[in-house]
Amino acid sequence: MFFFHMNVEYRYEEEYFNLRGLFYRPDFWLPKQNCWFEIKGPFPNQEEKEKARRLAAHVQRNVYVCFGDIPEPEDDSWYTGSCVVFFPDGSDDESHWWCDCLVCGTLGLQFEGSAASLICGCLRHSTSDLDLPKGYRSPRLLRAYLAAREAKACQRPNDYDLLVAAE
């Protein structure tokens, strides 16, 4: 539902990888973001992190493993959902959030949702952090989180699979 509301092109479980004995089918390929995206409930365990690390090295693309609850926009400490990103060089980083450029609409995942770091560069030359809009709290993102939370609240166990199969 989040991808639908954000108009994010995706391919669900598109490929299956044998990563030196670890078998992995990541949840989503996001062509416009040029990355793989995995969704987990709790923080990823060691095996899940190793799969993502190996995939990033194998395909030479970032792999994001998102965990936690869908963000609750009304709460001041709302950003409980976060992603660990695994880079092709074997390193990783935490606290990557979805962010939205309020100038051109580019969407991506950046450290703590810094829209100034998005590939579009629209906000890169702002004079201070105070000048920068909070791209991780854009109206479009907040609406998409709300829609995803509402869909999850009324979801039966197989609704998601039915939605994907219908596409």
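Specify the residue that is modelled with the highest pLDDT; the eligible residues are those in the stretch 117-159 that are surrounded by fewer than 16 Cβ atoms within 10 Å (Cβ to Cβ) and closer than 13 Å to Ile70 by Cβ. Across the stretch 117-159, the extreme among qualifying residues is Arg143. Kindly evaluate Ser77 against the criterion of being part of a strand (DSSP E or B), within 24 Å of Pro139 (Cβ to Cβ), out of contact with any Cys (no Cβ under 6 Å at 6 or more places or on another chain) and at pLDDT below 90. So Ser77 does not fit the description; no.
Filtering the stretch 50-62 to residues that are out of contact with any strand residue (DSSP E or B) (no Cβ under 6 Å at 6 or more places or on another chain) and either in a loop (DSSP other than H, G, I, E, B) or modelled with pLDDT under 95 (or both) leaves only Gln60.
Restrict the check to the stretch 63-73 and report whether at least one residue is under 16 Å from the mean Cα position of the chain (by Cα), of a type in the set (Ser, Thr, Tyr), at pLDDT 90 or above and not in a strand (DSSP E or B). Taking every residue of the stretch 63-73 in turn, none turns out to be under 16 Å from the mean Cα position of the chain (by Cα), of a type in the set (Ser, Thr, Tyr), at pLDDT 90 or above and not in a strand (DSSP E or B).
May I ask you to list pairs of residues, at least six apart or on different chains, whose Cβ atoms are under 9 Å apart, with the first in the stretch 108-121 being on the phi < 0 side of the Ramachandran plot and assigned to a strand (DSSP E or B) and the second being hydroxyl-bearing (Ser, Thr, Tyr) and crowded, with 22+ Cβ neighbours inside 10 Å? The qualifying pairs are Leu109/Tyr64. If the condition is being of a type in the set (Lys, Arg), surrounded by 15 or more Cβ atoms within 10 Å (Cβ to Cβ) and under 14 Å from the mean Cα position of the chain (by Cα), then the stretch 25-60 contributes only Lys40. Residues in the stretch 9-24 that are touching a residue at least 12 places away in the same chain (Cβ under 8 Å) and either assigned to a strand (DSSP E or B) or buried (at least 16 other Cβ atoms within 10 Å of the Cβ) (or both): Tyr10, Arg11, Tyr12, Phe17, Leu19, Leu22, Tyr24.
The values are calculated or read from the model by the stated rules, or taken from the named source; none is laboratory data. Keep in mind that what you see is a predicted model, and the values were worked out from it rather than measured. Quick reminder, even Gly has a Cβ in these numbers, built from the backbone with ideal geometry, and neighbours come from all protein chains shown.
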